[in-house]
Each structure stands twice: as structure tokens, then as C-alpha cells.
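I have placed the structure first, in the form of C-alpha cells, so that the comments after it can refer back to it.
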Amino acid sequence: MKIFVTGYTGQLGCDVVKEGQRRGFDMIGVGQKELDITKEKDVDAYVTELKPDAIIHCAAYTAVDQAEEQKETCWDVNVNGTRYLAKAAKASGAKFMFISTDYVFKGNGTEPFLESDEADPVNYYGYTKYEAEKAVSSILDEAFIVRISWVFGINGKNFIKTMLKLAESHDQVNVVGDQIGSPTYTFDLARLLVDMIQTEKYGVYHATNEGFCSWAEFAKEIFKQAGKKVKVNAIKTEEYPTKAVRPKNSRLSKQKLRDNGFDPLRPWKKALAHYLKELGV
């Protein structure tokens, strides 16, 4: 199976390529330097020549706060880029998987959002990802749309690396304690995505590691497992103002994964332990 992966230089794309290679698939990963997905002709030419069996689209503009000011760039990458890739997938007959986000939801209430719940993004990044979802659905009769949250992996920046860096110079940190969600380890997620792309079980899915926590609880567990003596002060969202609004409830129901016979990802604390070993902590 030949699988084309965008966003290869990012956390998820890198692990998806590695996972596919472990299974003996022909994995072609590209970053922005190899292919500018905002140029439709380039995307068409690349996919036409490559003739992949599947496309896993991990590339995205993910600078959530910057997106509030760089709206045109964010839209170009997240919406136009996704649209061009979906069109190319249709033309070539390749399966298509789009990686979306918990930020498509408003984040109200305390119950996990179902795959079928109405989207209502509270920031521009989330808005572009939802518009991209709609573009995929309008172009392709069958596709995979996988929403993820709080991503961490070996390749790139993430919350865990930030906390470990802060531990070098701080004995206490303030971390938001009223935003609840699920960390997602790209090593675990990549295995699921490669499993999924081999099937015909199309649709919208939520995929995160099992269990919920706040960012503050996440930070406490990071320091605990890493053996760092750092006090975590849980603060309210309002005490840590950002340009982009963040949803307070990012809980996602993974029922559709189970309904379709996919194994849920392991609990996030176990995933964190594996990741810290991977980092050599």
C-alpha cells in the first residue's frame, strides 16, 4: 500500500510515516518545503504523478493565537490546502483521511462531545478546521475525518516539552485548571490511523488517549512521572488571557471507534510514561 502523508515535519505526520514503514507500507511523507499545499496545481501534479492508494492529511496551520491575526494564511493552509488535496484524492481514486480538532466545538457543558454533535468553533483556527471538514464532505462521498486534541509527540513542540523546560528554572508554575480534555500521543494515534486507512469504515471519528484531565492536572502528572519537584498552581482561564478563546470542555466521546471495532488508545497517563522514556527523561 502506498500512503502519502502531509505534515511529515510535524508531530503526527512523522509518527504516521514511521508506523507505516514498520508495517512494510510504501510511505511518502512531505513537509512544506517539498509541497506547498496552498498551490492547487502543485498538489494536482504531485498526486497525479505519485498515484497513492491513500492520503493521510496531517499538515495544518496550528498557531491558534496567531491565527486570529493571520487569518488569510490560516484559511489558505487549513481550508484551501485541504480542499485541493481532497480534490486530488478524488481524481486519483485514493482514500482520504483528514485530521481535525476538538476546537470545532464550542466547549460548553461537561459531557463528552459526540461525533454527531453540532460544531460551533470559538476561535478562528477551529473555524477553519470545521470549514475544511465541510469541504472534504462536499468533495468526497467517503472519507475519514478524525478529530484529535492536546497532541504530543517526539517531533516538534508540545505542552510536555514546555513543562519540562520550565522545570529547569521554576519551582512552581501557573497552569489553567478549568479547561478539560484528553492528551493524545502521536505514537499511539499513528497506529490507529494506519489501522483505519486500511478499512472502508469511513466517517467522522474522535481519537484521543483514554481519560480526561485539566491542563493543570496534566502538568502535575508530567512533573510527578519525570521526578521534578515543581508546584502547579491551577488558575482560571480568565487569569491567563490569550488572543484566541479556548474551549473549556474539550472532552470527546470515542464511541464510534468502539462501534466500528477499533481499539481505543491506552490511558493518557500510560502514554505519558512511554513518551517520557522516548524523550529519555
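Quick notes on this structure:
- Look at the alpha carbon pairs under 8 Å that are at least 6 residues apart: their mean separation over the length of the chain gives a relative contact order of 21 percent.
- Efficiency of FRET between residue 45 and residue 155 - r from beta-carbon atoms, R0 22 angstrom, step 0.05: 0.20
- Seen from residue 160, the other residues with C-beta closer than 12 Å to its C-beta sum to a net charge of +2, counting Lys and Arg as +1 and Asp and Glu as -1.
- Projected onto its three principal axes, the C-alpha set of the range 1-96 covers 42, 27, 20 Å, listed from the longest axis down.
- Here the convex hull built on the C-alpha positions of the chain has a volume of 123 cubic angstrom per residue.
- Net charge contributed by nearby residues that have their C-beta within less than 12 Å of residue 36 (K/R +1, D/E -1): -1
- Note on the chain: with neighbouring protein chains present and a 1.4 Å probe, carbon and sulfur make up 47 percent of its accessible heavy-atom surface.
- Of the trypsin sites (Lys or Arg not before Pro) found in the range 95-202, those in coil by DSSP whose Cβ has at most 14 other Cβ atoms within 10 Å are 157.
- Here each label is just a point 7 Å from Cα along the line to Cβ, and for residue 234 and residue 63 those points are 3.3 nm apart.
- Rounded accessible area per residue of the range 35-106, 1.4 Å, Å²: 44 Å²
- Signed unit charges on C-beta, dipole axis of the chain, positive-most listed residue 140, 11, 88: 11
- Subtracting the Cα-Cα distance of residue 120 and residue 21 from their residue separation scaled by 0.36 nm leaves 31.9 nm.
- Length added when fully stretched, residue 73-residue 165, from 0.36 nm per residue minus Cα-Cα: 30.1 nm
- Loop-exposed GluC sites (Glu not before Pro) per DSSP, neighbour cap 14 Cβ within 10 angstrom, longest uninterrupted part of the chain: 201-281
- Summary value for the range 44-145: 35 percent relative contact order, contacts being C-alpha pairs under 8 angstrom separated by 6+ residues.
- Taking a sphere under 10 Å around the Cβ of residue 209 and counting the other residues whose Cβ falls inside, with K and R at +1 and D and E at -1, yields a net charge of +2.
- Farthest toward the positive end of the dipole of the chain, out of 196, 150, 169, is the Cα of 169, where the dipole comes from beta carbon charges about the Cα centre.
The values are calculated or read from the model by the stated rules, or taken from the named source; none is laboratory data. Because the structure is predicted, anything quoted here is derived from the model rather than measured. Note: ideal-geometry Cβ built from the backbone for every residue, glycine included; neighbour counts use all protein chains shown. Ligands, DNA and RNA are excluded from the accessible area calculation, which covers all protein heavy atoms including side chains. Shrake-Rupley method; radii C 1.70, N 1.55, O 1.52, S 1.80 Å.
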